[in-house]
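The values are calculated or read from the model by the stated rules, or taken from the named source; none is laboratory data. Everything numeric here is computed off the predicted structure, so don't read it as measured data. We place every Cβ from the backbone using ideal geometry, glycine too, and count neighbours over all the protein chains shown.
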Amino acid sequence: MMRKTRVVLVDDHALFREGLSGIIESQPDMEVVGEAEDGLEALVIARELHPDLVLMDIQMPSFDGLEAARQINKELPDTIIVMLTVQNNEEKLFEAIKNGAKGYLLKNISSNEMLDLLRGVMRGEAAISPTMAGQMLDEFRRLSQLNQEERDEPNVDLTQREQEVLGLVAHGMSDKRIAAELSISIHTVKSHLRNILSKLQVNSRREAARIAKSKGLY
């Protein structure tokens, strides 16, 4: 006989839990073994029952699903956690994943799609609603572009004086003001600037200032 996936449902709305329980209990490969109305109760039940899957809302009074996910994942790493929420929120999605959730489903999902994704997560796949999956990909692309820009910027090996000059350039000071600030001649300032532009592989003060800001050089 096939072993059923043991599920705990966590939501502060009893009517929603009843409906969800009916859907899951009607499946030949799943069973509801416990229910909770907040994150703290979910943690207590998970400790007692060691379920295969916790299907949990995020926004609940006193002890929310994100904190419950973190603690359940810490104590019961073999229990799979999937968030089921109305919040189409990119920040909540990433926080849920950081806290150990393997899935993030929106409550407007169809029951058949939800069941397919839950079966997938039990096979080791991620269970993410298509809308949120698109947002994840967009965020990964953005981070990838930022990382590429950082890799494309040259390594900086400036002397202490060059860093001082670059910092003043980044603050918008003219050569004359920089000379006065550092008690050096304008000729020396221009010499430092030529070295800075060469080392940074840029052609203008503005580009040099941008790199200085991005690398925290002042």
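Here's a check for you: in the range 1-28, which residue that is in a strand (DSSP E or B) and out of contact with any Lys or Arg (no Cβ under 9 Å at 6 or more places or on another chain) is surrounded by the fewest Cβ atoms within 10 Å (Cβ to Cβ)? Of everything passing the filter in the range 1-28, Arg6 is surrounded by the fewest Cβ atoms within 10 Å (Cβ to Cβ).
Taking the residues in the range 29-69 that are in a strand (DSSP E or B) and of a type in the set (Asp, Glu) as candidates, determine which candidate is farthest from Gly100 (Cα to Cα).
Step one: list which residues in the range 29-69 are in a strand (DSSP E or B), which gives 30-36, 53-56.
With of a type in the set (Asp, Glu) added as a condition, the list becomes 31, 35.
Working: Glu31: 23, Glu35: 20 Å.
Among those that are in a strand (DSSP E or B) and of a type in the set (Asp, Glu), it is Glu31.
From the list Glu90, Glu41, Glu75, Glu37, pick out the single residue that is acidic (Asp, Glu) and within 21 Å of Met122 (Cβ to Cβ). Explain how you work it out, then say what you get.
Numbers: Glu90 fails: within 21 Å of Met122 (Cβ to Cβ); Glu41 fails: within 21 Å of Met122 (Cβ to Cβ); Glu37 fails: within 21 Å of Met122 (Cβ to Cβ).
Selected residue: Glu75, the only one of Glu90, Glu41, Glu75, Glu37 that is acidic (Asp, Glu) and within 21 Å of Met122 (Cβ to Cβ).
For the range 174-198, the set of residues classified as surrounded by fewer than 18 Cβ atoms within 10 Å (Cβ to Cβ) and within 42 Å of the chain's Cα centre (by Cα) consists of Ser174, Arg194, Asn195, Leu197, Ser198, listed by residue number. Comparison of Ser191, Ser183, Ser198, Ser144 shows that the only residue that is hydroxyl-bearing (Ser, Thr, Tyr) and modelled with pLDDT under 70 is Ser144.
Exactly one residue out of Ile72, Ile97 is in a helix (DSSP H, G or I), assigned by TED's automatic domain parsing to the domain that holds Ser26 and more than 25 Å from Leu15 (Cβ to Cβ): that is Ile97. Arg47 meets all of the listed conditions (1) within 26 Å of the chain's Cα centre (by Cα); (2) at pLDDT 95 or above; (3) more than 19 Å from Tyr104 (Cβ to Cβ); (4) not small (Gly, Ala, Ser) but one, namely (1).
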